[in-house]
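Written below as structure tokens is the structure these notes are about.
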Amino acid sequence: MDKDLLSVAVVGHANTGKTSLIRTLLRDASFGEIADKAGTTRHVEGAEIRVDDNHNLVIYDTPGLEDSIHLLSVIDEQSISEHDDGIDRLLSFIKNENNYPELSQELKVLKALLSNDIIFYVIDIREPILGKYRDELKILSYAAKPIIPVLNFIEAGSDNMRNWQTQLARLNLHAHVSFDSVVFRFSDELKIYQKMQTLLAHRDQQLEALIEQRKVQWQQREKAAQQLIATLLVEAAACRFRADNNEQSIAKTSNQLQASIRDLETSTLNQLLALYQFKQQDIDQYDLPIQQGQWELDLFSTDNLQEFGIKATSNFVKGAGIGVAVDLVAAGLTLGAAAVAGGVMGVLWGVKQRYYDEIHAKVKGHRYLCADDLTLNILWARQLSLLIALQQRGHASVTKLSLAQINSEKTALPKAWNQWLKNARQHPQWLASNNSEQPPLKAKKQLLIKQISESLAAISNSNNSNTNKN
Amino acid sequence: MDLYQNRLLTEGIRIIEKPSPSNRFNADYSTLNLTDALSKRTQLADLRYQVSPVLLHLQQLLKFSIGLICVIFLIVGASSVSQFLVNESGTQINFFWAIVLFIAPNILSLIIWSIVYFKRHVLSLPWLANLLLSMLTLVDKLQHKVTTKHIHYIDLFQYYFEHKFGAYMGRVQLSMISHLWWSCYLLGATLSLFLVLATHQVDFIWQTTILSEDTFLKLTQWLTYLPNLLAINVPTPSDVSHASIGIVNPLQVAQEIRISWSNLLIFSLIVYALLPRIILMLVFYQGIKQKKKNFQLDLSDAYYIQLKNILHPIGKASFISDADQHKANPNNHQGKETSQYNQSLVMPENAYPIAIELNQRILQQADKHVLKHYSVDLINVLDNASQQAALSALKSSAAEHVILYVDVNRVPDRGWLSFAKKCQYKSNVQLYLLLFGEQSANKAKIASRLEDWVEIAAKVNISSQYISYLNQSVTPSNIHQEVKNG
Ligand SMILES: Nc1nc2c(ncn2[C@@H]2O[C@H](COP(=O)(O)OP(=O)(O)OP(=O)(O)O)[C@@H](O)[C@H]2O)c(=O)[nH]1
Ligand SMILES: [Mg+2]
């Protein structure tokens, strides 16, 4: 199958973040090399972005332009006839490439300019508008290709944004976009594709498909992430261990409980990372606060509790026995309903299965331990902030994923919170490791997870509209 | 393998791989659409995980268990006839008692079933599922001869059970099973009734203590309505009155009446009990088929989204299209020792200072520095024009030394290098590098930049003794003082 390719060349001065931009667009932290110095990328390196089954977009990383002043003077020196235009100048220079070994990197860029459909010109907007940048833009204009200036580093360089915008406007470049490869905003990515759409009218449909596909992907991913968090909450709340009624046993059991809640959180963390295409090794490499798949910030450390604005005075375990009384009433109701249906035997047996453990524990003086509200509260806050951090993390990030800025006010608990916890705690069978003998059907669990995910979606929507307002 | 089996298999593999799909099963998925890619991966993964034998076993287990109970019900149905209908002497059947025995419980259970079926949540009563589960487990234990079970057997079992009896097709499945079992029971009863009637001579009677004859007449009229339409020989109202105890008919008539009663009994059993059950059973059987056909994977599940990322990644493997000819980047093996510079650099005489891309603040500092030592105007090189100006001024000064003022925070590039080379306008010119920095800036970053500068300076023969780093703290008071001093 011949794929219909649309190609983009990413060019710009050295160290402006060309490779970083591509990494972020590809969601691939292993693309090319990134370093905070000039001349990191030395090849023209391409990668394909999938649009749909028949279309791809190819994006080429190029070495940084470093000596544009010299390059421009050489290009302008090319002896050409009067009617020749910029492209002829460039071609004439390329023909004489052997005369300029010192410009071999720039030469690759020029070839890339001529062979692709559209140019992204990456600008580090923290930089003043120097002669070399103006010369670069002039050289680009020779290639007579549509150009999208990408204003990079908008997080750090926002003061200088206006200057660059005016400068670009004077060169007739109005379709610029702002971006930050490290502090990622999905809307900025969409803007890049939308600008391409404006400039490449004949590729309109293909780009529309790309934009649409990206949106769907983003939403699906967010939804799946919310589902994961909801599942974590439900399972962590359902998690319980039986202890004898003495200090020693309770201490031991509560350690077990901590361990299994940690495991649950770790597993969710790994899944979230995979979902947002951050690999475990990328994390090690970039020194995220995770070690051997574990958060460096332990869920149960007092520091961490304080970080979330919660005083570490409360006992973290809670007896699950309290629920039993209520449950027995419910059991009576089920019993009555089922007796009507004629299945008394089955029901009695089912009730035994469902309540035997609790009743037995009561008689024998055991108790069940489960995570208390506060722990679950922190778990919730951490996951919410993790999700936000992952969504805003470009694949070019090399800094720590930090959750320090979260405060507990921001993570106000949803209204139905207590209801959820109560519901989950009454269904130990929802967590496989509880080894509950109770019936395995998960419809109710799925229902609760759905409720929680929906509430998460509402939270994220309100967050988005808040940031849009700012 | 049909689509349903394939999807079920994909789900089975999901259960095994949970929580994240493995990326071991590589193939060229990019040319396939998602459905095909998924099914191809499923096949590859199944070779490794061996899920399909387990699923096959589970499917057979379910069929076997259901079939076993069918047989049991058939036997129960058959035996119920001889037990309940034929009294000790074996010559009389209480007709209405027979009807009540067979049809009433059936109708009652149909009513219960329809309530349960149309009230969604009742059927998910955990106990029902639990009962079924333990039955399946029991049968499995009895039947399972293989000692080495698949390591994920339990998980797969649970999944399969959930799939069959859970929210998606549980209602249809359970309905089908219950109608099937009832059909078996009624079939058994009908068959054995045939047998009884074929081998025994019985008289049909009715008995009552509190009901009137009218009731039985009415009932018979209802029951005979359909058979009459079909012209089947059934008892007439007068036969009903005669069937009361104690009335003896002539032989010939009696035989005809027996046949008509037994016709009615068998007809009622088949048409009013067995047939509806079989029809319902078939309807739900079709329902199951439909459900299987419409069975979709939940592609919004986190697992499948991860899998999609693997099968159809946003960015495909990269390729180098214009490789670097000059291999072995010399930058890679740079010295590990901290970058050296000369803190007490003595400014040479007969030197010409040039500033390169300095910002306003640092340019002021550089200006001050130049004023202290030399009596020329510092040119700040920002573009081609200023480069040319600086170079021609340099040439006309005929200086032996050139001092380059730069901002340590800037990234040195080949543009700088080529300009520095041009500054060596004659062979014996020595370049000096004066780096300006601000103390407040990020230390680690400055250190690495300093390294870059020292490295690039070496390329134009500026060894560390000709490099100095002026680390100005730019607090306002400091500037103020300098202004006073100057
Ligand atoms: N904060 C921030 N840092 C960025 C951004 N883009 C790039 N960087 C950093 O800038 C440095 C240079 O990035 P590269 O992607 O290597 O730049 P490049 O343009 O490919 O450089 P060459 O290949 O040398 O031309 C790296 O340290 C990146 O981490 C951005 O948007 N925000
Ligand atoms: Mg690069």
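Bear in mind that the values in this text are calculations on the coordinates, not laboratory data. This structure is a prediction, so every number in the text was calculated from the model and none was measured. Counting neighbours? That spans all protein chains shown, and the Cβs are built from the backbone with ideal geometry, glycine included.
Could you check what % of the DSSP bridge pairs in chain B are antiparallel, to the nearest 5?
5 percent
Add +1 for every Lys or Arg and -1 for every Asp or Glu among the other residues with Cβ under 12 Å from the Cβ of B:Val402, and state the total.
Result for the local shell: +3.
Across chain B, where is the longest run that never hits trypsin sites (Lys or Arg not before Pro) in a DSSP loop with at most 16 other C-beta atoms within 10 Å?
The segment B:150-326 is the longest one with no such site.
Okay, helix-only estimate at 222 nm for chain B: each DSSP H run of n ≥ 4 adds -39500 (n - 2.57), divide by all residues, round to 500 deg cm²/dmol; what do you get?
The helix contribution divided over chain B gives -19500 deg cm²/dmol.
Tabulate in residue order the Karplus-calculated ³J(HN,Hα) for the stretch A:210-225, using 6.51 cos²θ - 1.76 cosθ + 1.60 with θ = phi - 60°, rounded to whole Hz; enter x for Gly and Pro.
Once rounded to whole Hz, the list reads 4, 4, 4, 5, 5, 4, 4, 4, 4, 5, 4, 5, 4, 5, 4, 5.
Could you tell me what % of all Cα pairs in the stretch A:100-218 have separations over 22 Å?
40 percent
What residues qualify as long-range amide H neighbours of A:Glu127, i.e. H under 5 Å apart, gap of 5 or more or another chain, H built at 1.01 Å from N?
HN-HN under 5 Å from A:Glu127: empty list.
May I ask for the angle, rounded to the nearest 10°, between helix B:302-311 and the longest principal axis of chain B, with both axes built from Cα atoms and the value confined to 0 to 90°?
Relative to chain B, helix B:302-311 is tipped by roughly 60 degrees.
Apply the Karplus parameterisation 6.51 cos²θ - 1.76 cosθ + 1.60, with θ equal to phi minus 60°, to every residue of the stretch A:98-103 and state each ³J(HN,Hα) to the nearest whole Hz, in sequence, with x for glycine and proline.
5, 6, 10, x, 6, 9
Which whole number gives the average count of other chain Cβ atoms within 10 Å of the Cβ atoms across peptide B:376-385?
Per residue, the number of nearby Cβ atoms from other chains is 3 on average.
Got the relative contact order for the stretch A:4-199 handy, in percent, Cα pairs under 8 Å and 6 or more residues apart?
In percent, rounded to a whole number, it is 23.
Take peptide B:55-61, look around each residue's Cβ out to 10 angstrom, count Cβ atoms belonging to other protein chains, and average those counts.
0
Are there chymotrypsin sites (Phe, Trp or Tyr not before Pro) in the stretch B:351-447 that DSSP puts in a loop and that have at most 11 other Cβ atoms within 10 Å, and which ones?
Sites meeting the loop and neighbour criteria: none at all.
Taking R0 as 45 Å, what's the FRET efficiency between B:Leu3 and A:Ser7 from their Cβ-Cβ distance, rounded to 0.05?
With a Förster radius of 45 Å, E is 0.75.
Given a Förster distance of 30 Å, report the FRET efficiency between B:Glu213 and B:Thr91 from their Cβ-Cβ distance, rounded to the nearest 0.05.
0.85
Per residue of the stretch A:234-251, in order, report the coupling 6.51 cos²θ - 1.76 cosθ + 1.60 (Karplus, θ = phi - 60°) as ³J(HN,Hα) in whole Hz, putting x for Gly and Pro.
So the J values, rounded to whole Hz, are 4, 6, 5, 6, 7, 5, 8, 9, 9, 10, 6, 7, 9, 3, 4, 5, 5, 4.
Hey, what does the equivalent ellipsoid look like for the stretch B:3-310, semi-axes from the Cα gyration tensor as sqrt of 5 times each eigenvalue, largest first, whole Å?
Whole-Å semi-axes of the equivalent ellipsoid: 55, 19, 15.
What order, most packed first, do the peptides A:390-396, A:253-259, A:121-127 have when packing is the mean number of other Cβ atoms within 10 Å of each residue?
The packing order, highest mean first, is A:121-127, A:390-396, A:253-259.
Counting only GluC sites (Glu not before Pro) that are in a DSSP loop and have at most 15 other C-beta atoms within 10 Å, tell me the longest site-free stretch of chain B.
Within chain B, the longest run free of exposed GluC sites (Glu not before Pro) spans B:89-336.
I want the local charge near A:Gly46. Using Cβ-Cβ distances under 11 Å, sum +1 for each Lys or Arg and -1 for each Asp or Glu among the other residues.
-3
B:Ser65: net charge of surrounding residues, Cβ under 14 Å, Lys/Arg +1, Asp/Glu -1, itself excluded?
Counting the neighbours of B:Ser65, the net charge comes to +2.
Mind checking the mean number of beta-carbon atoms from other chains within 10 Å of the Cβ atoms in B:413-426?
Whole-number average of other-chain Cβ neighbours for B:413-426 is 4.
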